[in-house]
């Protein structure tokens, strides 16, 4: 914790990518590990498909575990910044924690944090580009406007739109939107932790 406090004390300002870089530098003692993770994290934050990345670990599960560890280091920076009265650094450190965990820009973290199987990094990016920034906007979205013809092809989109059709019970997307609406209701009741359990 002392290292986090000293680093935050020295910081006048930072970006979420800089904070992520601090986490790598502070977490890994071995310079080779640090260099491998710095390269991997740069690609991860640029939303490179994980299958096209050179992972710094042998197994994907180990990669995910280290990402969680690095996100926790970013949260240490956030706490240190709050204690030191540096709200800008605290905000950026919080954003860095989500970005490191999910491998997306901070704006996409609210969608990724829903932990829906249907919402990977690419689909969250597509939704974000359509103006859907949070769970409330997703729940209110017209399913037809969410379909991406570039990714699914016209026939697939037609099938998907047919499945989600307005009010058709049992439609795959309607079921998904129903879970999103349920998550919104839990959040409105002051229980945001319930968002994580909605699957």
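Since every read-out is calculated from the coordinates, none of them should be taken as a lab result. All values reported here derive from a predicted model rather than from experimental measurement. Every residue, glycine among them, receives a Cβ derived from its backbone with ideal geometry; neighbour counts consider all protein chains shown.
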For segment 24-115 (alpha-carbon point model, no solvent) the Debye-based log₁₀ I(q)/I(0) at q = 0.12, 0.15 Å⁻¹ works out to -0.38, -0.58
Least to most buried among 125, 51, by other C-beta atoms within 10 Å and fewest first, runs 51, 125
To the nearest 0.05, the calculated FRET efficiency linking residue 59 and residue 137 through their beta-carbon distance, R0 being 25 Å, is 0.10
Ranked on Cβ counts within 10 Å of their own Cβ, fewest leading, 25, 78 go 25, 78
For the pair residue 117 and residue 39, the simple spin-label estimate (label points 7 Å beyond Cα toward Cβ) gives in nm 3.4 nm
Most exposed to least, judged by fewest other Cβ atoms within 10 Å, 62, 142 sort to 142, 62
